[in-house]
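The values are calculated or read from the model by the stated rules, or taken from the named source; none is laboratory data. What you are looking at is a predicted structure, and each value in this text was computed from that prediction instead of being measured. Cβ coordinates were reconstructed from backbone atoms using ideal geometry, including for glycine residues, and neighbour counts include every protein chain displayed. Please note that ligands, DNA and RNA were not included when accessible areas were found on the heavy atoms of the full protein model with its side chains. Shrake-Rupley method; radii C 1.70, N 1.55, O 1.52, S 1.80 Å.
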Amino acid sequence: MFSGEMTKVTLASVGTEAQFSDAVRLHRELLYGIACSYLRNRSDALEAVQEAICRAWIKRTTLKDSKAFKSWIIRILIYVCIDEQRRRKRMVPLEDKDLAGQVTDIGHGRLEMLSVLERIRPKYRHVLLLKYYNDLTIPDIAAILQKPEGTVKTWQHKGLKQLRAIMEEEERA
């Protein structure tokens with residue numbers, strides 16, 4: 001735990017290529033996990049992470065506080081994932097998707113839950129994905145979404161309420 005705090009201190013500036021690379025390396029697993037939870041496809045998740053890193057590198061001078069690097073790059077990644085989801089909706093599949101690239105290390109129950117989450121309002125879905133699939137804390141989610149912690153807690157509560165209602169509806173059907 002102490003070494004993680006030291007790493008954050010040594011990454012006081014992400015202006016140089018080496019510092020930026022170190023900062024990305026520090027958060028790469030979290031970024032990949034978030035992308036997988038949004039896109040549910042390994043290759044798309046890797047592409048999204050790459051795109052987010054490229055966008056972050058280009059915009060690195062706009063980061064005012066380097067201590068906020070983690071939430072800043074996660075926010076960029078979420079926007080990239082949302083863009084990819086929108087692109088998918090516009091596509092017309094010509095044949096069945098190749099399932100080889102699908103995320104298979106997610107348990108059956110978690111996979112079912114992801115399909116249910118698609119029916120929840122996006123702002124609630126973001127909070128639930130970050131909280132329960134990526135184990136982020138409420139303060140971290142608030143920083144990522146640039147919302148007060150109280151708002152994030154409310155969205156979490158409302159999202160869980162919608163989730164329960166959808167699951168009860170499916171059980172009745």
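Just for region 8-27: of the residues that are surrounded by 12 or more Cβ atoms within 10 Å (Cβ to Cβ) and under 17 Å from R75 (Cα atoms), which one is modelled with the lowest pLDDT?
Only one residue tops the list, namely V14.
Taking region 106-124, which residues are modelled with pLDDT of 85 or more, part of a helix (DSSP H, G or I) and buried (at least 18 other Cβ atoms within 10 Å of the Cβ)?
Across region 106-124, the qualifying residue is only Y124.
How many residues does region 125-164 contain that are at negative phi, open to solvent by 40 Å² or more (accessible area, probe 1.4 Å) and assigned to a loop (DSSP other than H, G, I, E, B)?
Result for region 125-164: 3.
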